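The values are calculated or read from the model by the stated rules, or taken from the named source; none is laboratory data. Just so it is clear, the model here is predicted, and its values are computed rather than measured. With ideal geometry, Cβ positions are generated from the backbone for all residues, glycine too; neighbour counts draw on all protein chains shown. We work out accessible area using only protein heavy atoms, side chains counted, and drop any ligands, DNA or RNA first. Shrake-Rupley method; radii C 1.70, N 1.55, O 1.52, S 1.80 Å.
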Amino acid sequence: MDSIYFDHAATTPVDERVLEAMLPYFSKMYGNANSAHQFGRDCKVAMEDSRELIASLIGAEPSEIIFTSGGTESDNAFIKGVFSALSKAGKTEIITSPIEHHAIIHPAEALKREGATITYLQPDKDGIISAEKVREAISDKTALVSLMHVNNEIGSINPIKEIAAVCNEKNIPFHSDTVQSVGKIPVNVKELGVNSISISAHKIYGPKGIGVLYVKNGTPWIPWLQGGSQERRRRGGTSNVTGIVGMAQSMKFALNEMEEHRAHFELLRKTAVEGLQKNCEGLFEINGPQQEGVPHILNIGFKPADNVPLDGEMLLLNLDIEGICVSNGSACTSGAVEPSHVLQGIGVDTNVGNSSIRVSFGKSNTVEQVQYFIEKLEQILERMMAKAS
Ligand SMILES: *Cc1c(COP(=O)(O)O)cnc(C)c1O
């Protein structure tokens, strides 16, 4: 069997149709979108058409769409930009959670040097933060709230609409990292009531290095990347027209085909879970939501056999040898292996966390691939456990 890629939450290949749309902008339509001549104008038109398409897909105004280099930049830009707009007025508190992507946690932590205080709201065991928790946390020092829509490791879905309602009532800018939700579940900024979201193209079959920061008009926010007058002076730098065209097309396909993909992911997930129940009974647990999360992410932890914890890193390598690519639930931070910050954040047992893997499905995965994975997994587990005992 060819290699099996189960790491779509890390990145996805570029869809052929997206690539097709992008190709002319590499070498034929190579103008700088800021140039006044014909080459520039052609690119400007492609860029603004893309912006309008993206805006219409998420219920935004075109003027509220800012192109960035990806999810990381969008997250950074909003956190830092709101903080710099509001901190002088004494609003220095950032409310977030310990299971956010590092593109939120690390810039928030860095702002401590500039006087920020960070309030981490504790998620429940499924990784969910309630709107009530947000309400209780908001103080007169709160500058912003940032809570992700779908968690990239465990697939939990936060009640973003309810959280946005609380923030709107208290007049606090609310940002949501929607990198893992766009194209998977409906994301409409008007319906959700958010001030800002981050999107990344390479998680939805678009190119790497391009993303969107949506900022609702009127939100207190100072751009942080200064340069030319691109993006209405909100993000300097020569426009990545090729990437922008690719991003718009990838969003169009992802949203148009969302229901079809969801049904497919549900089938793959069901096959995996039933296979695990049949072949690995008593040996595993599902980290995070059992049913209520997004179906393309499945985080599996293995329990210690005879008190010997299973080495997740070794499990991942053994799967890789069999041509099956998943990602791990642990990270080697400063020499010691620890469960990822997300698994720690939802209180997963350390041994189970260290033995966890994340399987994330994509549209071209098949039921046969999932069955093959379960088969190989069982063999590898048997081998590893025999060695350990
Ligand atoms: C991948 C990811 C990011 C980072 O996006 P990049 O475009 O790779 O910088 C941010 N947040 C979440 C939830 C992600 O899954």
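Observations
- Kyte-Doolittle mean at least -0.5 and Cα axial length at least 18 Å: DSSP H helices in the chain: 38-58, 71-86, 241-256, 367-388
- Other residues with beta-carbon under 14 Å from the beta-carbon of His341 carry, at +1 per Lys or Arg and -1 per Asp or Glu, a net charge of -3.
- The residue list Phe39, Ser130, Thr178 was ranked by how far each Cα lies along the charge dipole of the chain toward its positive end, using unit charges on Cβ atoms, and Phe39 comes out on top.
- Potential lengthening between Met314 and Tyr372 on full extension [0.36 nm per residue; Cα-Cα distance subtracted]: 19.0 nm
- Ligands, DNA and RNA aside, Asp349 has an accessible area near 90 Å² when probed at 1.4 Å.
- Separation of segment 320-359 from segment 91-132 is 21 Å, based on Cα centroids.
- Toward the positive end of the charge dipole of the chain, with +1 on the Cβ of Lys and Arg and -1 on the Cβ of Asp and Glu, the farthest Cα among Gly90, Ala9, Pro339 is that of Gly90.
- GNM on the chain, alpha-carbon springs under 10 angstrom: the most fluctuating residue among Asn168, Asn307, Asn188 is Asn307.
- One chain, two ends: Asn279 and Glu292. Fully extended at 0.36 nm per residue, the span grows by 2.3 nm beyond their Cα-Cα distance.
- Residue-normalised convex hull volume from the C-alpha trace of segment 1-157: 182 Å³ per residue.
- Antiparallel bridge percentage (DSSP; both residues within the chain; nearest 5): 60 percent
- Full extension of the chain between Asn188 and Gln226 gives 10.8 nm of extra length, using 0.36 nm per residue less the Cα-Cα distance.
- Based on C-alpha pairs under 8 angstrom that are at least 6 apart in sequence, the chain has a relative contact order of 21 percent.
- Most mobile listed residue (Ser156, Ser176, Ser229) in the chain, GNM with C-alpha springs under 10 Å: Ser229
- On the principal axes of its alpha carbon atoms, the chain extends 69, 52, 37 Å, with the longest extent given first.
- Candidates Arg135, Arg51, Arg113, ranked by Gaussian network fluctuation over the chain, Cα under 10 Å, top entry: Arg113
- Expressed as a whole percent, the accessible area of the chain that falls on carbon and sulfur atoms is 51 (1.4 Å probe).
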